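**Q** A single structure is presented below for examination.
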Amino acid sequence: MPLDIVYSVCPHDCPSACALAVERIDGNRIGRVRGAEGQSYTQGVVCAKVARYAERQHHPERLKVPLRRVGDKGRGRDGFVPIDWDAALDEIAERFTRAAQRHGAETVWPYYYAGTMGRVQRDGINRLRHAMGYSRELTTICNFLTDNGWLAGVGAKRGVDAREIAKSDLIVVWGGNPVSTQVNVMTHVATARKERGAKLVVVDPYRTGTAEIADLHLAPLPGTDGALACAVMHVLFKEGYADRAYLRRYADDPAGLEAHLATRDPAWAARITGLGEAEIIEFARLYGSTRRSYIRVGYGFSRSRNGAVQMFAATCLPAVTGAWAHEGGGAHYSNHGMLPLDLTMIEGLDALDPATRILDQSRIGPILMGDRRDLGDGPPVTALLVQNTNPMVVAPESGLVRQGFRRDDLFTCVHEQFLTETAAMADIVLPATSFLEHDDIYTAGGHHFLQIGRAVLPPYAECRSNHAVICGLAKRLGARHPGFAMTAFELIEHTLAASGLPGPGAFEEGVWLDCWPGFETGHFLDGFGHADRKFHFRADWAALGPEHRELPAFPDHVAVIDDGDPERPFRLVAAPSRSFLNTSFNNLPSGIAREGRPTALVHPKALAGLGLADGDRIRIGNDKGSVVVHARAFDGMQPRVVIVEGLWPNHAFEEGIGINLLTSADPGLPGGGAVFHDTSVWLKRA
Ligand code: SF4
């Protein structure tokens with residue numbers, strides 16, 4: 001019998017947003033998942049996690065029915081009993097109403113993130129929020145620092161078509177590990193290497209899978225990439241690699257930048273980064289002598305108090321050499337700002353009251369614990385509706401997050417596919433559809449396609465989509481907005497029409513629409529995103545966030561990082577593993593088998609200095625607490641750097657709480673942003 005192949009879109013929090021070709025069996029189950037061959041970014045390739053998606057889709061622990069908690073918070077499945085949907089939604093609505101009557105509407109905090117990247121199912125929670133006047137959310141946990149850093153120079157959240165990587169002579173992967181986290185980038189890198197002999201340079205504090213196959217790997221200390229970028233530009237100016245004609249036409253103040261960089265030479269950067277002068281100069285000369293040079297900027301090096309400036313510094317390189325003007329040249333970070341999608345109907349933006357308070361999602365721990373820096377004179381958060389995220393594991397300062405969720409006076413509803421650690425803390429748990437069971441529309445960070453994923457399977461058991469839950473609650477709460485009366489697909493059609501885009505019929509295979517704006521615009525030859533159409537070497541940080549006073553106008557090293565002291569001499573990077581994606585996939589047997597157990601990569605010299613050996617149990621700690629992991633000797637970074645890949649569930653750690661116990665909820669500069677890789681720690685034998 002011929003296979004039934006249906007097309008879809010990967011919804012996970014990954015820049016690739018792969019177009020998928022899914023084997024459907026008997027209309028109810030899926031087999032193998034492949035990349036769609038006809039979509040020219042995906043090119044038939046998906047990561048191993050999603051190739052085996054049947055393992056997740058048909059996991060025996062998927063939630064089937066709504067649950068009400070009867071045991072202690074966090075106890076697990078036997079702390080809950082099944083209830084029917086009407087009873088569950090009635091109870092949530094009643095508890096939200098009571099909380100709002102007592103404290104005001106801002107006491108309710110709809111809390112979400114990117115467990116699905118679909119605009120209808122992910123962002124529809126905002127329609128309920130705005131219609132009800134509930135607290136707003138500052139979505140800082142992933143791309144806030146990167147956005148601000150990119151926008152400071154480029155002025156628009158888009159970059160050069162990632163398919164052009166195949167036409168590059170030099171690819172610089174800066175602050176990312178696409179071999180593990182965005183495999184499609186490597187497809188295009190492999191083409192460039194095979195067909196053009198292109199070089200691959202990786203800038204990352206440790207020897208990742210991508211760094212292992214690079215021609216050159218620079219491993220600066222975490223939080224020092226800005227210094228590296230400045231020294232590279234110093235060499236570019238000094239040794240004649242700057243494209244002065246390009247700079248005159250396209251940049252705001254090249255003379256000011258050159259003067260500023262005069263003292264930022266490789267010796268200066270070597271002292272800050274821990275790199276050798278020679279490798280900085282080697283990289284600068286390679287970059288300067290290659291016009292078709294493409295920087296694929298990742299997120300890793302932005303997860304630092306100075307992360308926005310680091311990102312900004314890296315984006316300045318192609319402006320100095322004029323690489324932006326060449327095919328296969330320039331840089332790319334994200335295209336989520338490429339299409340001016342009108343999200344008014346999905347998000348209820350016409351109901352938004354800008355006076356409503358806004359809470360920083362990365363600070364959920366301090367917020368739930370009543371920190372007045374966040375709450376001001378406003379009410380405490382006494383009711384939460386959580387969709388698409390697992391803050392008990394992914395948010396920084398897990399100790400505070402856990403205390404907050406345990407509060408007796410906090411009512412929590414979690415809508416999820418599995419009984420995550422956050423769902424286990426809920427009063428009501430609702431079972432959620434997977435992306436194969438609902439309709440949605442997806443923009444992408446990593447490419448230029450707008451994509452539609454339609455339901456190709458019926459909902460599992462009693463699962464309902466995010467959209468259905470939001471509409472069900474809206475009805476009970478008396479929230480008014482036309483979006484609540486529309487189906488998910490009607491919202492998609494409405495959004496396309498309101499945005500001046502073609503309807504779903506124009507999407508190839510019903511899934512993808514190529515929105516690349518063409519060479520001229522794509523390479524900013526008709527101007528960058530600022531009002532003066534120039535690339536800005538002088539960043540206007542004041543326009544990007546309130547905490548701008550410590551940030552210099554020109555790219556620089558900004559020494560606001562948690563650089564440690566004699567008590568905490570090591571620098572911890574909590575990097576993503578290959579098999580997990582935040583906490584999605586960390587409950588699948590194949591991924592757990594590959595990753596093993598929570599492990600710290602520690603330099604052999606550091607181990608020896610502490611009298612430790614490969615395989616020892618070690619305790620990693622700072623002023624927030626400590627966790628026990630096993631050490632693995634690894635020489636692919638500077639001896640001060642410690643890497644713990646994840647995210648493992650809290651219960652995988654011996655003491656039941658994971659690596660984010662140690663990370664800080666301090667906001668990065670200038671407007672916030674989580675600083676997961678900016679943590680100083682001590683190590684000792686456990
Ligand atoms: S590479 Fe990313 S977008 Fe593609 S299938 Fe894997 S998780 Fe999904």
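**Q** Just tell me which aspartates and glutamates come within less than 19 Å, Cα to Cα, of LYS238; anything on the same chain fewer than 8 places away is out.
**A** Reachable aspartates and glutamates: ASP253, GLU258, ASP265, GLU277, GLU279, GLU282, ASP556.
**Q** On to the next question. Give me the number: length gained by fully extending GLU509 to ARG249, i.e. 0.36 nm times residue separation minus the C-alpha to C-alpha distance, one decimal in nm.
**A** On the way: separation 260, 0.36 × 260 = 93.60 nm, distance 4.20 nm.
Going from the current span to full extension adds 89.4 nm.
**Q** Under a crude label model (7 Å from the Cα following the beta-carbon direction), how far is ALA278 from THR356 in nanometres?
**A** 6.0 nm
**Q** Once you have all Cα-Cα distances for the chain, histogram them in 20 Å bins from zero and send the whole-percent values.
**A** 18, 54, 27, 1
**Q** Here is a further query. Report the paramagnetic label zone for ARG271: residues of segment 602-642 whose backbone N is under 16 Å from a point 7 Å from Cα along the Cα-to-Cβ axis.
**A** Under 16 Å, as judged by backbone N against the label point of ARG271, lies no residue of segment 602-642.
**Q** For the chain, what is the mean residue ellipticity at 222 nm derived from helices alone (per DSSP H run of n ≥ 4: -39500 (n - 2.57); sum divided by total residues; nearest 500 deg cm²/dmol)?
**A** Working: 25 runs with 201 residues, N = 686.
Theoretical 222 nm ellipticity from helices: -8000 deg cm²/dmol.
**Q** Please give the contour-minus-distance gain from GLU61 to GLU654: 0.36 nm per residue of separation, less the Cα-Cα distance, rounded to one decimal in nm. Present the calculation step by step, with values, prior to reporting the outcome.
**A** Details: separation 593, 0.36 × 593 = 213.48 nm, distance 2.26 nm.
Additional length available on full extension: 211.2 nm.
**Q** Per-residue counts of other Cβ atoms within 10 Å, averaged by peptide: what ranking do you get for 306-312, 181-187, 253-259, highest first? Can you show the working numbers first?
**A** On the way: 306-312: 31.4, 181-187: 22.3, 253-259: 16.9.
My ranking of the peptides, most packed first, is 306-312, 181-187, 253-259.
**Q** Quote the FRET efficiency, to the nearest 0.05, computed for GLU23 versus ALA608 with a Förster distance R0 of 51 Å and r equal to the Cβ-Cβ distance.
**A** Calculated value: 0.50.
**Q** With a 4.7 Å Cβ cut-off, tell me which Cys residues in the chain come up empty for a partner.
**A** Cysteines lacking a close Cβ partner in the chain: CYS14, CYS47, CYS142, CYS230, CYS316, CYS413, CYS463, CYS471, CYS515.
**Q** Let me ask something additional. Subtract the Cα-Cα distance of ALA48 and ILE5 from 0.36 nm times their separation in residues, and report this length gain in nm to one decimal.
**A** Value of the extension gain: 13.6 nm.
**Q** List the lysines whose alpha-carbon lies under 26 Å from that of LYS157, not counting same-chain residues fewer than 8 positions away?
**A** Once the sequence-local lysines are set aside, what remains near LYS157 is LYS167, LYS534.
**Q** Using 7 Å Cα-to-Cβ label points, what is the VAL628/GLN101 separation (nm, one decimal)?
**A** Here the answer is 4.9 nm between the modelled labels.
**Q** Past the 22 Å Cα-Cα mark, which pairs from LYS49/LYS199; LYS624/LYS684; LYS73/LYS475?
**A** Those over the limit are LYS49/LYS199; LYS73/LYS475.
**Q** With the crude spin-label approximation of a point 7 Å out along Cα→Cβ, what separation in nm comes out for GLU239 versus VAL81?
**A** 7.4 nm
**Q** Right, next: Peptides 265-273, 479-487: what's the order by average Cβ count within 10 Å, highest mean first?
**A** On the way: 265-273: 19.4, 479-487: 17.0.
Answer by packing, highest mean first, reads 265-273, 479-487.
**Q** Now for a separate question. Hey, with R₀ at 60 Å, roughly what FRET efficiency would ALA461 and ARG285 work out to, going by the Cβ-Cβ distance, to 0.05?
**A** Numbers: r = 60 Å, r/R0 = 1.00.
Result of the calculation: an efficiency of 0.50.
**Q** When ligands, DNA and RNA are left out and all protein chains stay put, how many square angstrom of accessible area per residue does segment 1-106 have with a 1.4 Å probe?
**A** 48 Å²
**Q** Which order, highest average first, do 618-624, 661-667, 26-32 follow once you tally other Cβ atoms within 10 Å for each residue and take the mean per peptide?
**A** Numbers: 618-624: 18.7, 661-667: 23.0, 26-32: 12.1.
Most protected by this proxy first, the peptides run 661-667, 618-624, 26-32.
**Q** For an R0 of 45 angstrom, estimate the FRET efficiency from the Cβ-Cβ distance between ASP409 and THR521 and round to the nearest 0.05.
**A** The computed FRET efficiency comes out at 0.25.
**Q** Using DSSP, restrict attention to beta bridges with both residues in the chain and report what percent are antiparallel, rounded to the nearest 5.
**A** 50 percent
**Q** Hey, another quick one. Expressed as a whole percentage, what fraction of the accessible surface of the chain belongs to carbon and sulfur atoms when a 1.4 Å probe is rolled over the protein heavy atoms?
**A** 49 percent
**Q** Considering only protein heavy atoms, what per residue accessible area in square angstrom results for segment 518-618 with a 1.4 angstrom probe?
**A** 46 Å²
The values are calculated or read from the model by the stated rules, or taken from the named source; none is laboratory data. Note that this is a predicted model, so its numbers are computed, not measured. Positions of Cβ are generated from backbone atoms using ideal geometry, with glycine treated the same way; all protein chains shown enter the neighbour counts. Accessible surface areas use protein heavy atoms only, side chains included; no ligands, DNA or RNA. Shrake-Rupley method; radii C 1.70, N 1.55, O 1.52, S 1.80 Å.
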